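J.: Once you've had a glance at the structure underneath, I'll fire off some questions.
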Amino acid sequence: MKYILSSIIFLTIVTCHLSPVTLSAQTPSKPYNENQDIRADLKKATALAKKDNKHVMIQFGGNWCPWCIRFHNMAYGAQPIDSLIKADYVYVLANVPQDKKKRDYKLFEEFGYPNRFGYPVFVILNGDGKLLHIQDSGILEHCQVKGYDTTKVVTFLKMWNVKAVDPATYNHAN
């Protein structure tokens, strides 16, 4: 009985002591720049993508969106995804204000209304700024765990990089 009581007290102390550490470790960062000039950022991103022979991957979302934060954290936390993004894309976080009255609906129109899918949503542009693809992030979610499926995300990234959309990749005469 004394052993059980000691174990319960020990576990209670450890749990109470570690809870703040666990909670702070799970507190999401705020990766979206809420004062962003998205048009200027996209102009720079497309110029860089063209120069480096990459595509632009825009992640529309906001600091208010838990799924947006999850994807951003995974993009930098999962090595294969981080590597693919760095190798093949200029990655731009496009802040979407939580207040719908403050959103740039003209920008959504220019990109084929990606907001119809909710947030986050991904838009792939080539180095000339031409829209190549809009990706609904819901399709990238894991079916059993609350989060994104790294295999699905890796597949998405590989299917929309420069090499994948270059017709020469599929020309067997070369």
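Coordinate-derived values only; no laboratory data. Note that this is a predicted model, so its numbers are computed, not measured. So basically every Cβ, Gly included, is an ideal-geometry build from the backbone, and we count neighbours across all protein chains shown.
J.: D for segment 95-137, whole µm²/s, Stokes-Einstein with Kirkwood Rh over alpha-carbon pairs at 37 °C and 0.692 mPa s: what number?
T.: Working: Rh = 11.0 Å.
D = 299 µm²/s.
J.: Long-range amide H contacts for Asn33: which residues qualify at under 5 Å (H placed 1.01 Å from N, peptide plane, sequence gap of 5 or more or a different chain)?
T.: It is Asn95, by chain and number.
J.: Looking at this model, which pairs from Lys102/Lys130; Lys51/Lys146; Lys30/Lys100; Lys43/Lys146 are more than 30 angstrom apart at the alpha-carbon?
T.: Lys51/Lys146; Lys43/Lys146
J.: Kirkwood hydrodynamic radius (Cα pairs, Å) of segment 42-174?
T.: After inverting the pairwise mean of 1/r, the radius is 15.4 Å.
J.: Let me ask another. Please report Rg over Rh for segment 55-111, where both radii come from the alpha carbon positions and Rh follows the Kirkwood definition.
T.: Rg divided by Rh gives 1.03.
J.: Got a sec? How would Cys143, Cys68 order by Cβ neighbour count within 10 Å, fewest to most?
T.: Going from least to most buried by this count: Cys143, Cys68.
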